[in-house]
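Asks: Before I ask anything, let me first share the structure, which is written out below as structure tokens.
The values are calculated or read from the model by the stated rules, or taken from the named source; none is laboratory data. The shown structure was predicted, so the numbers you read here are calculated from the model rather than taken from an experiment. Note that we place each Cβ from the backbone using ideal geometry, even for glycine, and neighbour counts take in every protein chain shown. Side chains are part of the model used for accessible areas, which takes the heavy atoms of the whole protein and leaves out ligands, DNA and RNA. Shrake-Rupley method; radii C 1.70, N 1.55, O 1.52, S 1.80 Å.
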Amino acid sequence: MKPIAIATTMLALAATALGTGYWWGANRQAAPAVQGASQHSPAQPERRILYYRNPMGLPDISPVPKKDPMGMDYIPVYEGEEPEGGEALVKISLDRVQKLGVKTEAAAARELQRTVRAVGALEANERQLYTVTPKFEGWIQKLHVNATGEPVRRGQPLMDVYSPDLITAQQEYLIAWKGLQAVKEGAPEIQESMQRLVESTLQRLRNWDISEQELLRLQRDGQVTQFLTLRSPVDGVVLEKPALQGMRFMPGEVLYRIANLASVWLLVDVFEQDLALVRLGQPARIRIDAYPDKVFGGKVVFIYPAVAPETRTAKVRIELPNPGGLLKLAMYARVEIISSPNKAKVLAVPDSAVLDSGVRQVVLVERGEGLYEPREVKLGARADGYVEVLEGIKEGERVVVSANFLIDAESNLKAALGAFGHGAHGSKPGEDGQVKPAAAPSPAAHRGEGSIETIDLSRAMVKLAHGPIDSLQWPAMTMDFRVKDPALLQSLKPGQKIAFELVEEAGGEYVIARIQPAGASPAASGPISGHKGH
């Protein structure tokens, strides 16, 4: 037993000696290092990562690095940098703020006024159209107004006509009138009967639209005239004149069509997405190419109940006065309808402050020098470069409205949060803290340019006349495409030049993942990738 005890004791002593030697050696090496460091600069404590936060500002943290569903890296939060109340902040240096050209503006209450612009043509006021239509058969003896377009005044002679029916009616009136004179000394019943006969014959002439001026002449002279004069019923302009001198006319035949142009109608085509902003009684400003220095005023009096399927526009009728007859029928006009969706002031921020991914809308709220909080907001009406904010921010909070790094061909949202947080997908901070350029777009994306033919919001479809798409080896053609997010079509109109991005879905269908006006962001054909037959 003694040899075993001695061996055990020796092993224990050896282990103790080794441990003591390791500790002594480590301390000897660390001491000079600490001493040397203290001679140059004070010791810097190692920064400890507390957790990783969601780059979109959502209430989601992770103890380990990870990516969100959009492929963006979660941002590390170091000890001492944790925001109060658990808010997710983005911190950048002041020199970066200057280099990026960051500008901010306070959210403020304002009255939003949106201008709806449309074009149209002038037409006659249908309520001021008149026709000269005789109710008897006859012949035109003489035309006093014998040209289309001539102005006429109310009561002005238009033509002299001959009609056997008129002559007979005049004779009946004169016989009844002479009979009334002959029974002046007779019984009251006879006088009353003759008086009714005189009135009935006179009323017959009135029913034939014989003017009071002609009836007074007949009563005054007491003689039958062979030709009677038909007069204009209104002030206006002759639009149509089927009447010809010497022609025979029948009851109900239109001989003149006259329009009173003291007021005219302007029928304009308003796009379907703007109809909610147009209401009866709204004022409108009208400009006519013939009078570039004049602005005419009118108001909306009617919104037609149908939308043209070809243009997705509806007719809106604007009534406006026509002083001096300056406005001519069929003139082309440009219209501005001032719309105030909310008469009360609402909280609003500039359009450029909103980073719209198509799924959510985010603004960057300034929390201090170089500190920005990505905050999701709920938006309302848009007007004059501003958008109403229903939820997400308070009045007086400053939001980022301009930064040159937002102009990015891939995604305004990714570029903004990536540059601010140095952790967006495809961006890595360098040693000097600068953000390196983002990686190239996914090879599955195919870009092209073209113009919009038609838009079907109900089906989220758009017909494009696009140019060649090299990455798909497609020639220029006109095709229908489905849009992933129908909200992308809200601000677009037929005829607009656009840039778009296609992605291939299961089954080989190519759909539009991104579409915007051509001038908003440079677009080029994406890289060629494998694809199924289309």
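Asks: Please give the contour-minus-distance gain from Arg482 to Glu185: 0.36 nm per residue of separation, less the Cα-Cα distance, rounded to one decimal in nm. Mind showing how you got there, number by number?
Replies: Details: separation 297, 0.36 × 297 = 106.92 nm, distance 9.54 nm.
Residue separation times 0.36 nm, minus the Cα-Cα distance, leaves 97.4 nm.
Asks: Based on Cβ point charges of +1 for Lys and Arg and -1 for Asp and Glu, what charge dipole magnitude is obtained for the range 268-394 about its Cα centre, in debye rounded to the nearest 20? Numbers along the way, then the final one.
Replies: Values: 18 positive and 17 negative charges, 111 e Å.
Around 540 debye, computed over the range 268-394.
Asks: Using the alpha carbons of the range 113-229, what is the convex hull volume per residue in cubic angstrom, as a whole number?
Replies: Numbers: hull volume 21.0 nm³, N = 117.
Per residue, the Cα convex hull of the range 113-229 comes to 179 Å³.
Asks: Okay, next question. Between Lys67 and Glu336, what is the FRET efficiency for a Förster distance of 51 Å, r being their Cβ-Cβ separation, to the nearest 0.05?
Replies: Numbers: r = 48 Å, r/R0 = 0.94.
The calculated FRET efficiency here is 0.60.
Asks: Here is a follow-up. Any idea of the accessible area per residue across the range 148-207, 1.4 Å probe, to the nearest Å²?
Replies: On the way: 3600 Å² over 60 residues.
Roughly 60 Å² per residue, with all protein chains present.
Asks: At a Cα cut-off below 20 Å, give the aspartates and glutamates reachable from Lys103, other chains included and same-chain residues fewer than 8 away excluded.
Replies: Partners found: Asp95, Asp351, Asp356, Glu366, Glu369, Glu373, Glu376, Asp384, Glu388, Glu395, Glu397, Asp408.
Asks: Using a basic spin-label model with each label point 7 Å from the Cα along Cα→Cβ, how many nm lie between Val254 and Glu310?
Replies: 2.4 nm
Asks: Per-residue counts of other Cβ atoms within 10 Å, averaged by peptide: what ranking do you get for 476-484, 256-264, highest first?
Replies: On the way: 476-484: 14.6, 256-264: 20.2.
The packing order, highest mean first, is 256-264, 476-484.
Asks: Give me the one-decimal nm value for the distance between modelled label points at Arg217 and Ala276, 7 Å along each residue's Cα-to-Cβ direction.
Replies: 6.4 nm
Asks: Give me a comma-separated list of calculated 3J(HN,Hα) values for the range 474-479, in order, Karplus coefficients 6.51, -1.76, 1.60 applied at θ = phi - 60°, integers in Hz, x for any Gly or Pro.
Replies: 9, x, 5, 6, 10, 9
Asks: Quick one: if the Förster radius is 51 Å, what FRET efficiency do Glu319 and Gln195 give, using the C-beta to C-beta distance and rounding to 0.05? Working shown, then result.
Replies: Numbers: r = 47 Å, r/R0 = 0.93.
FRET efficiency, Glu319 to Gln195: 0.60.
Asks: Could you work out how far apart the two model spin labels at Gln496 and Ile167 are, taking each label as a point 7 Å from the Cα in the direction of the beta carbon, and quote it in nm?
Replies: So the two model labels end up 7.3 nm from each other.
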